Amino acid sequence: MFPAILIGVWVFGFVIACICWFRLWRRIRAIRRVATPLSLNLAIEVFSSSAHLEPGVFGIHKPVLLLPAGITARLSPSQLEAVLAHELCHVRRRDNLTATIHMAVEAIFWFHPLVWWIRERLVEERERACDEDVLRVTGDPQVYAEGIPNVCRFYLESPLVCVSGVTGSNLKKRIETIMANRTAVSLNFVRILLLAAAAVAAIAGPIAIGILYALPSRAQAFPETQAETAPHAFDAASVKPTQGGRTRSIEPGRITYLDTALGEFITMAYGLKRYQVSGPDWIMNADRSGRYDLVATTGSPVSADEIKRMLGPLLVERFHLAFHRETRELPVFALVVAKGGPKFKQPGDGGGALPPTPDGTGGFSYKNWSMATLVDWLSVLPSVGRPVIDRTGIEGRYSFNANLFDLPKDASPLDMKVAIGRSDAGDVLFSTLPEQLGLKLESQKAPIEILVVDHADKVPVEN
C-alpha cells in the first residue's frame, strides 16, 4: 500500500511539473506566432512582439530572437548591440537545448532539491559565460551594465528557462562582475570531480535507491496567475456571441465591431486579405452562431493601426487561436497595363481612397485610388473569384470615372452591388477594364502567403 502511495505522489508531481512547463511554453509559443518579423541582419530570424517580455531566444532546432516592441526607443544603439550580442551567444552555446534537457530532469526528479539547485547554477553560469563573451566583443562594461537594468525596468523576465534572455541570475552580482571586467574561474580537476559527483547524486542516486524510497515532497508548481503576469494589450475587452446590430468603428483607444465573423478579425489583426486566411468554413463564412460582438478599450488614445495589431493577442487569448503560415502557389489574376497604356491621368488630391460614388452618367467616381487599392477591391469581388496582384508598375494615386459593370445612367450603389453579383459580371469586367482604364487582368500563378488556422474555439473565453 505504501509503495503505491509513493508512486501516486511521484506521478502527481511529474504531471504537475509537465503541465506547468507546458502552460508557460504554450504562452511563449502564442507570443511567437503573433510576433512580426524584423530585419536586423542577424544570424537568426528576429521578431517584434507586443508582449512585455525581455529579449529572448525561443526554439532549439531553428531558434528565433523575440524582441519586445519599442526596445529600440528604450535602449541606446550601443546598449541594444550589447543585448543582441548576449542573445546570439546563447544561440552559439545551445543554451536552450541544455535548459530543456534539465527541465525534463526536473520533471522526473521533482522531489530532489539538488536538481532545483543545479537549475539555478546552470542559469547563473550560462549568463556569466554570455556576459564574458559580450565584454570580449564590445569591450565596454559601462554600456553593457547600463543596458541590463534598462531591460529589467521596462520588461518582465521570461517565464521559461529554455527561453534564454538577458536578465537572469543575480543581477547585482552580475553587474559587479561586468564592471570589474572579471572572467569566471576555470574548472580545475577538483571542481570537475565535485560537479560530476553532484550529477551522480542528482541522477544515479535516485535511480539506484528507486522511486519507492523517495521522500514525498510537494510538487514545485508555478502559481496559476504566473502565465498572466504580462499586462494585456487592452485595458478592457468584451468578446461574446453576437446579439445583433451591425456596428463597426475604430476610434482613438476604442474598437467596436458587432456581428462580425472571426475571420474578419483575423484579417484585420494580421493585415491580411480575405483570401489569405484558410481554415474551417465557419471562421470566414459564419452563420449567426459564428459571429461575435467585440468591444475593447485602451488606457490611452492609440492609432487605428495599433488597435488592429493589438487584436492578435486578444484573439489568441479568447479563442485559443492557433495557426501557422505557409506559402502556396495559387491561381491569381495579374493586373497589367493594356496595349495603349493607362487611360486615367488625373492625380489624386493627396487624401486617402474613397469608396466608389455614382457620377450621374451610369459610371462611378473613384477618388484617390492607387493600384494597390484597386487590386484589393478587385480581389474581393465574387465576379473575379481569385486574388489579384499588381503588376502595372504604376505609382501614386489617381482619380477617375468608370462604368465597369455596364450600369444604367441613374445607377446607385445598390445597383452596383447587384451588378457585381451577376453571373456575367466577370465577363463584363474583363472587357471594360481595358476599354475604360487601359488595364487588363491576366491569368497567372503566384506564391501567396496563407495563414492557416489550426484551431479556434467557437465559443470565446468569458470576459
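Annotation for the range 238-268: trypsin sites (Lys or Arg not before Pro) lying in DSSP loop with at most 11 further Cβ atoms inside 10 Å of their Cβ are 246. Under the shape rule built on the C-alpha gyration tensor, where the axes satisfy a ≥ b ≥ c, the range 342-437 is oblate, since a/c reaches at least 1.5 while a/b does not exceed b/c.
For trypsin sites (Lys or Arg not before Pro), the sites in the range 373-454 that DSSP calls loop and that have at most 11 other Cβ atoms within 10 Å are 409.
Taking other residues whose beta carbon is less than 14 angstrom from the beta carbon of residue 256, and scoring Lys, Arg as +1 and Asp, Glu as -1, yields +1.
Since every read-out is calculated from the coordinates, none of them should be taken as a lab result. Remember, predicted model here, so these are calculated numbers, not experimental data. Here Cβ is always computed from backbone atoms with ideal geometry, including for glycine, and neighbour counts include all displayed protein chains.
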